[in-house]
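Here, each number is a calculation from the coordinates, and none is a lab measurement. Owing to the predicted nature of the structure, the values given are computational and were not obtained by experimental measurement. Quick reminder, even Gly has a Cβ in these numbers, built from the backbone with ideal geometry, and neighbours come from all protein chains shown.
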Amino acid sequence: MERVFASVKNSKRFGESEIVFAQGDPAKNVMYIREGDVKLTVVNEAGREAVVAILGRGDLLGEGCLMGQSVYMATATAIAPTTVLSLEKNEMIRLLHKESEFCDFFIAYMLERNARVEEELVGHLLNSSEKRLAHTLLRLAGCGTPGDAQTMPPGVSQEVLAEMIGTTRSRVNLFMNKFRRLGFIEYGDKLHSLQINKSLRSFALQD
């Protein structure tokens, strides 16, 4: 993915809280996150907003336009200084047809992302809010990568976590304090710096 987007000249940088695109905007481009983190939110007809995903470096935005969506179905907001590379829809389709290696990688990426969404839906049905928070922290911190601990994206507040797992901020605060006492998480010296220890995984996997 990086190789294909490396030659893209349409690059734009967004500051924290800046909107990359809004729900209902015309869906004309597929975007690649080169740096930073983006929050996807949706608002229903009653005006209720929900966080549906946090995406980071190497993730795609707006790929729904390839499936015929005429407008973006969510609002993408930078939660940290973020750089995105943008490809027009028809150019993206051309590359998928022209470069088989890129097409294979794109399909694998979308399958993995869909599997992650399904896993989260099952978690909402079967797990307690405390377990959902543990799984969410591990995923956002990328604890499938090497190392003893990983750092959370800086812009993910307790309010955002509460929206993602379907509970209140006060309950998230309660769970976070518990995780800290148990040594599952640590707050760093920098503002909003949060380390997720892999020991949290043992709790998340308990029956």
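Apply 1/(1 + (r/R0)^6) to the Cβ-Cβ distance of Lys28 and Ser7, taking R0 = 25 Å, and write down the FRET efficiency to the nearest 0.05.
Given R0 = 25 Å and the Cβ-Cβ separation, E is 0.80.
Could you line up Phe5, Phe203 from fewest to most neighbouring Cβ atoms inside 10 Å?
Phe203, Phe5
If you only keep lysine pairs separated by 8 or more in sequence, or across chains, how many in the chain come under 27 Å at the Cα atoms?
For the chain, the number of qualifying lysine pairs is 24.
Which whole-number percentage describes the relative contact order of the stretch 129-204, with Cα contacts under 8 Å and a sequence gap of 6 or more?
Here the relative contact order equals 40 percent.
Filter the trypsin sites (Lys or Arg not before Pro) in the stretch 37-67 down to the DSSP loop ones having no more than 12 other Cβ atoms within 10 Å, then list what survives.
The qualifying sites are Arg48.
So how far apart, in nm, are the two label points at Leu174 and Met73 if each is 7 Å from Cα heading toward Cβ?
The modelled label-to-label distance comes out at 3.4 nm.
Once you have the Kirkwood Rh of the chain from its Cα pairs, apply Stokes-Einstein at 10 °C and 1.306 mPa s and quote D in µm²/s.
The estimated diffusion coefficient comes to 87 µm²/s.
Take Glu186 and Asp104, extend 7 Å from each Cα along the Cα→Cβ direction, and tell me the distance between the two endpoints in nm.
Those two pseudo-labels are separated by 4.1 nm.
If a/c stays under 1.5 just call it rounded; otherwise compare a/b with b/c (prolate if a/b is bigger, oblate if not). Do that for the stretch 25-94, with a ≥ b ≥ c from the square roots of the Cα gyration tensor eigenvalues.
Oblate shape, in that a/c is at least 1.5 and b/c is the bigger or equal ratio.
Applying the Karplus parametrisation 6.51 cos²θ - 1.76 cosθ + 1.60 with θ = phi - 60° to the phi angles of the stretch 6-22, what ³J(HN,Hα) value in whole Hz is obtained for each residue in order, glycine and proline being reported as x?
With the stated coefficients, the stretch 6-22 comes to 4, 8, 6, 8, 7, 10, 9, 10, 10, x, 4, 6, 6, 8, 7, 8, 10 Hz.
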